[in-house]
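The values are calculated or read from the model by the stated rules, or taken from the named source; none is laboratory data. Note that this is a predicted model, so its numbers are computed, not measured. Here the Cβ is made from the backbone with ideal geometry for all residues, glycine too, and neighbour counts use every protein chain on show. Calculation scope for accessible area: heavy atoms of the full protein, side chains included, ligands and nucleic acids excluded. Shrake-Rupley method; radii C 1.70, N 1.55, O 1.52, S 1.80 Å.
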Amino acid sequence: MPKQYIASDFGISPQDLGQATLTTLHTLQQAGFDAYIVGGSVRDLLLGLHPKDFDIATNATPEQVKRVFGRHCQIIGRRFQLAHVYQDRHLFEVATFRAPHQEHSAKSQTSAQGLIMRDNVWGTIEQDALRRDFTANALYYNPQTGIIWDFANGLTDIQHKILRIIGNPSDRYREDPVRMLRAARFAVKLGFELEQQTAAPIAHLAYLLKAISHHRLYDESHKLFSCGHLSELLPLLHQMGLFQALFPLLDDNIVQSPLVQLAAQNTDERLQQGKSVNPAFFYAVLLWDWQQQQAQKLIAKGADYFPAQQTAAMRVLNLQSQSTAIPRHTAQTIREIWELQPRLATPKSRLVPNLITQPRFRAGFDFLLLREQSGAQDTHNMAEWWEHYQSVDADTQEKLLKDLDKRKARAVAKEKAANKAQNKPKRAKKPKDTHALSEAQQP
Ligand code: ATP
Ligand code: MG
């Protein structure tokens, strides 16, 4: 039996939903359908948080929703059909109640491994609740009646801060392995404990993510990076084997690297300050060491510096895209951030004004700064220089530019000396051996 709660007992009122949400629900209800807000938005309201959007569940089919909203509605998706409804400049995802999937029907399809390929069989609200992912995400609120419906004991779990998957955990992960990523993300984001049986099968089943569309995995990776608790989430993903499933070719220790940790903290702080984050930036961070290693290999084989960097970047981005399909414009941004690194680390003074107006300057500079702060030597402390340069008036900037060429000459000389010192023993070896030999040959 479902439980019913009175929303106002939990301090929730219809006004919390905003006028556009109320109008959308009301329009569906006026047309004779049931309509509720569902999922994350009800969960967040119960937690006293501000939902970032309101998802709607209804017994109207996507075609019926389309008929109600006309040109303000678009039906999207194949695997999981949804209606997008536009209301007062807000977008609502309106999902029709789903029934348990049947194995051999045109509307629902399950692979031999238990993966749901299509999930478009309509059902009742009770059925819909039980095929949602976690108990905390299976609550329905109708502001018209003021009632919250709870079919999976979600309210108790929310109150105890427990994230519990609905049904048999292994089966539910096999149906949709992305639920494992969602489990880790929600646990960290909400500060919930992953219920033991919900967590237990993940390490064994993480490999199933390989069967998921690479485009969907890219979208999920973006949600992971921008959940606001990336510093905490990364070690958890790693511990559960989920990080490796998304980034199979990365060094296993990468999540502990100072650059990655610092960038994760930085990403979380930006989000906390209400700033946006570009997924390209964190991708650039994660893949940086790998790209550098590939470039070094090419250089060792005789390639020139810049072509080696470019080829390595293309190679790394293509290989990673076989796991998470990085969109073309994001890959372009990542390459631009990387390309700026040597240019910002050893700039010619006359190119400084031009560099600073580049569209990617900010991202490139932020990246240089994080590298410098995490101990990279080949930035030559230039992130600090750029920071200073941006903060002073035009006269001082001119002085800084004059100093820059001297500074560059010093850096080049220092690097040459360091290279020489490094190469010395090798070069010295030959004559020394010869000498030793000739000495031994001496009577
Ligand atoms: P967020 O705050 O990240 O938006 P959310 O819970 O609203 O969290 P959505 O991805 O917006 O998450 O999905 C809305 C709801 O749809 C979820 O709360 C859940 O009930 C259901 N859902 C989403 N993805 C899945 C899935 N892979 N399997 C089962 N149910 C899902
Ligand atoms: Mg949502």
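Things to note:
- Under 15 Å, Cβ to Cβ, from Asn381 - net charge with Lys/Arg +1 and Asp/Glu -1: 0
- Taking amide H atoms as placed 1.01 Å from N in the peptide plane, the amide H of Leu163 lies under 5 Å from those of Glu193, Leu194, Glu195, each 5 or more residues away in sequence or on another chain.
- Isotropic mean projected area of the C-alpha convex hull, the stretch 215-273 (nm²): 3.9
- Normalised contact order of the chain, rounded percent, pairs of Cα under 8 Å and 6 or more residues apart: 9
- Cβ-based net charge around Thr96, under 10 Å, with every Lys or Arg adding one and every Asp or Glu removing one: -1
- On a per residue basis, the stretch 179-317 carries 46 Å² of accessible surface, using protein heavy atoms and a 1.4 Å probe.
- Rounded Å value of the spacing that divides the Cα centres of the stretch 300-360 and the stretch 121-144: 46
- In sequence order, calculated HN-Hα J values of the stretch 23-28 (Karplus, 6.51, -1.76, 1.60; Hz; x Gly/Pro): 5, 4, 4, 4, 4, 5
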